[in-house]
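I have placed the structure first, in the form of structure tokens, so that the comments after it can refer back to it.
Please treat every number below as a calculation from the coordinates, not as lab data. Just so you know, these numbers come straight off a predicted model, no measurement behind them. Backbone-built Cβ (ideal geometry, glycine too); neighbour counts: all protein chains shown.
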Amino acid sequence: YLPGPHQLEFLTNGIHKILSLPDQMELAGEIGCQHTISFSPFELPWFKMMLISGYETCNKYEVKNAMGHWIYFAAEENDDYNLNCSGPLRSFTIKLFDSTNQPVMQVSREFHCSSCCCPCICCLQELEVQAPLGNIIGYVKQNWHPCLPKFTIQNEARENVLKITAPCVPCQCYQDVNFEVKTVDGKSTIGNIVKKWTGLAREVATDASIFQIRFPMDLDINMKAIITGACFLMDFMFFERAGSANNQNRRRR
């Protein structure tokens with residue numbers, strides 16, 4: 001999972017210190033009153049081949065901070081059967097790698113069926129976040145609602161800490177989709193995950209997406225990591241296309 005030439009060049013120009021996961025999160029948080037991370041597509045040379053064949057491959061992502069500095073490279077680990085038979089509902093493991101190609105964080109999801117009409121636990125999604133690998137720091141759990149995305153962020157003891165809410169995603173046409181991060185009582189918004197609208201031509205041609213994450217710089221470091229992990233879950237649940245010729249190997253930051 002070594003970064004490509006584009007990432008290596010960016011590292012050479014912009015990153016002069018190797019930072020651990022907490023250090024990098026804190027570094028971004030020191031800039032202004034908000035910590036911003038972005039995920040955006042990096043188009044690969046074989047894009048046209050993937051577009052024609054429709055063969056699903058593992059997702060790849062770039063993660064950068066508010067200044068555009070490369071922080072992590074993230075890669076999904078999966079098998080061909082799961083990729084091409086389960087679509088966006090597939091189980092997955094995504095590892096985030098630092099500039100030395102060492103894994104510093106992992107997010108994973110088990111397979112669950114999807115039904116907006118059924119509040120059964122087997123139909124609700126859950127993401128587990130580890131940082132470093134082997135150390136569970138929290139979870140992102142879907143709360144049942146027939147139309148609206150609703151999630152709870154939990155700590156390692158499965159205690160509710162934050163909420164994530166959003167409007168009906170299919171109704172948010174030709175505009176950004178805003179997932180608000182709220183206090184556990186739902187009264188105050190402390191940050192958000194925004195799926196950026198990239199224009200009609202790009203949205204039709206590919207399912208590669210651009211996300212931006214914002215949260216307070218004084219937020220607990222584990223909560224920052226879990227919110228970052230939640231972005232991957234939002235991508236798979238709402239913006240990954242099933243059985244589409246647009247499914248492709250991609251990077252987002």
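When you restrict to C-alpha pairs under 8 Å that are six or more residues apart and normalise by the size of region 122-217, the relative contact order lands at 15 percent. In this simple spin-label model, placing a label point 7 Å from the Cα along the Cα-to-Cβ direction at both I136 and H112 gives a separation of 1.4 nm.
Subtracting the Cα-Cα distance of K187 and C168 from 0.36 nm times their residue separation leaves 4.9 nm of extension gain. Structure note, pairs K163/K224; K95/K187; K64/K195; K60/K163: Cα-Cα distances above 25 angstrom occur for K95/K187; K60/K163.
In this rough spin-label picture, where each label sits 7 Å from Cα along the Cβ direction, the C123-M67 distance is 4.8 nm. What does the extension gain come out to for Q175 and N160, with contour length at 0.36 nm per residue minus their alpha carbon separation? Extra length available between Q175 and N160 comes to 2.4 nm.
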